[in-house]
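The values are calculated or read from the model by the stated rules, or taken from the named source; none is laboratory data. All values reported here derive from a predicted model rather than from experimental measurement. Note that we place each Cβ from the backbone using ideal geometry, even for glycine, and neighbour counts take in every protein chain shown.
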Amino acid sequence: MPQQVSGVIARSVGAPVELVTIVIPDPGPGEAVVRIQACGVCHTDLHYREGGINDEFPFLLGHEASGIVEAIGSGVSDVAVGDFVILNWRAVCGQCRSCQKGRPQYCFNTHNAKQRMTLLDGTELSPALGIGAFAEKTLVAAAQCTKVDPTASPAVAGLLGCGVMAGLGAAINTGQISRGDSAAVIGCGGVGAAAIAGAKLAGATTIVAVDVDDRKLATAKELGATHTVNAKTEDVVEMIRQYTGGNGADVVIDAVGIPETWQQAFYARDLAGTVVLVGVPRPEHRIDIPLLDVFGRGGSLKSSWYGDCLPSRDFPMLIDLYLQGRLPLERFVSEEIALGDVEAAFEKMHHGDVLRSVVIFP
Ligand SMILES: NC(=O)c1ccc[n+]([C@@H]2O[C@H](COP(=O)([O-])OP(=O)(O)OC[C@H]3O[C@@H](n4cnc5c(N)ncnc54)[C@H](O)[C@@H]3O)[C@@H](O)[C@H]2O)c1
Ligand SMILES: [Zn+2]
Ligand SMILES: [Zn+2]
């Protein structure tokens, strides 16, 4: 029997989100229904609401979540009813040209549920990143459920489902930061702060945090930044160079995703260094730099989707490090809120008041 639960939707561009009743079908073949325990508010949810991702409104928002598998469809063997899982937006297909080349972390054909969740009048919802977890329950492809140690806090575990994984992975997977490297991170919200933690985990010696908000810089320091730069009052490129012996950093991560910050990242890296773009640009953004600088400075210019993570490999490993006290993931949960507070959380994010607001389901 289809179930009716509460969920948060974005009905049209820019309109405040609404808490409404949605319909969850029973899981079909290869699908699972998950009872959500916690779901973080990511900037990407706001991008959806602002029409910055696509125009397939209405969206069922929320995608950084953990929960308990409530029901599975036929043919599902990797997860069972009762499992504690983190939802992922990279259920790899195993068959696309990238998977076939042994690079499933770039899978071009990831799985989502085939059936659609709907409003009461039958209107089909577009779940954010194929998840839609600002809802008491959600329907996903079973492979979007990654089993992790159930002793982990649901609020903390859920954050690995998107932003924190994106940041950690931008540093350790895409940026390949390693012992003795210098790194800089521009934008220290949930994603950038995780990149700082990732740079520390990987053994970077100099870690420069850049933000326009001193509160974010203070948190970045607690997570491992060795130097901070306030982009409102200081020259970002100049300061990163100064803190890296005049050279620039080996790896610079742009966790804002606007032309200005990407350009700073480009010029604040050492010769042959790496730029990692993890912030999501808007469709109208353009970049104009001399091609000779691209050639002359060498190195690599990379984008990082989801921190190039492989959920089955990375989620359990990072949860273990967290449970061992070696990765302070609990620092990312700024506040616990209710399902009706998502719009207020967007406002707090906008004002830089939080790293992550996390919706907790009673
Ligand atoms: N690539 C991926 O897989 C992926 C995954 C999740 C999120 N994202 C994207 O990453 C970006 C960051 O997400 P978030 O949740 O951390 O957002 P956030 O709003 O929490 O953080 C953004 C931070 O950037 C700072 N900032 C803004 N303008 C700046 C500037 N000019 N210079 C320096 N700092 C500046 C803000 O003060 C804030 O601390 C978003 O674009 C989001 O969509 C990407
Ligand atoms: Zn694939
Ligand atoms: Zn996200």
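The set of residues in the range 176-208 being part of a loop (DSSP other than H, G, I, E, B) and either under 21 Å from the mean Cα position of the chain (by Cα) or modelled with pLDDT under 95 (or both) consists of Gln176, Ile177, Gly187, Cys188, Gly189. Contact annotation: residue pairs with Cβ atoms under 6 Å, 6 or more positions apart or on different chains, pairing a residue in the range 285-298 that is on the phi > 0 side of the Ramachandran plot with a partner that is small (Gly, Ala, Ser), are Gly298/Ala272.
Looking at Ser77, is it more than 16 Å from ligand 3 (Cβ to nearest atom) and either closer than 24 Å to Ala152 by Cβ or not small (Gly, Ala, Ser) (or both)? Don't jump to the end; show me each part of the working.
Details: more than 16 Å from ligand 3 (Cβ to nearest atom): yes; either closer than 24 Å to Ala152 by Cβ or not small (Gly, Ala, Ser) (or both): yes.
The answer is yes for Ser77.
Among the residues of the range 298-312, which ones are part of a loop (DSSP other than H, G, I, E, B) and within 16 Å of ligand 2 (Cβ to nearest atom)? Listed by number, the residues that qualify are Trp305, Cys309, Leu310. Kindly provide the set of residues from the range 100-128 that are within 23 Å of the chain's Cα centre (by Cα) and either within 16 Å of ligand 2 (Cβ to nearest atom) or at positive phi (or both), ordered by number. The answer is Arg103, Pro104, Gln105, Tyr106, Cys107, Phe108, Asn109, Thr110, His111, Asn112. For the range 98-133: of the residues being of a type in the set (A, V, I, L, M) and within 16 Å of ligand 1 (Cβ to nearest atom), which is surrounded by the most Cβ atoms within 10 Å (Cβ to Cβ)? Out of the qualifying residues, it is Ala133.
Tell me the residue from Gly14, Gly75, Gly7, Gly67 that is out of contact with any strand residue (DSSP E or B) (no Cβ under 8 Å at 6 or more places or on another chain) and in contact (Cβ under 8 Å) with a residue 40 or more places away in the chain, please. Can you show your working first?
Working: Gly14 fails: in contact (Cβ under 8 Å) with a residue 40 or more places away in the chain; Gly7 fails: out of contact with any strand residue (DSSP E or B) (no Cβ under 8 Å at 6 or more places or on another chain); Gly67 fails: out of contact with any strand residue (DSSP E or B) (no Cβ under 8 Å at 6 or more places or on another chain).
Testing whether each residue is out of contact with any strand residue (DSSP E or B) (no Cβ under 8 Å at 6 or more places or on another chain) and in contact (Cβ under 8 Å) with a residue 40 or more places away in the chain leaves just Gly75.
The set of residues in the range 139-173 being in contact with a Leu (Cβ under 9 Å, 6 or more places away or on another chain), small (Gly, Ala, Ser) and closer than 12 Å to Gly67 by Cβ consists of Ala157, Gly158, Gly161. Can Thr219 be described as over 20 Å from the mean Cα position of the chain (by Cα) and hydroxyl-bearing (Ser, Thr, Tyr)? No. Within the range 214-235, residues that are touching a residue at least 12 places away in the same chain (Cβ under 8 Å) have Cβ atoms under 7 Å from residues that are part of a helix (DSSP H, G or I) and β-branched (Val, Ile, Thr) in these pairs: Ala220/Ile196; Leu223/Ile196; Gly224/Ile196; Ala225/Ile196; Val229/Val236; Val229/Ile240, counting only partners at least 6 apart in sequence or on another chain.
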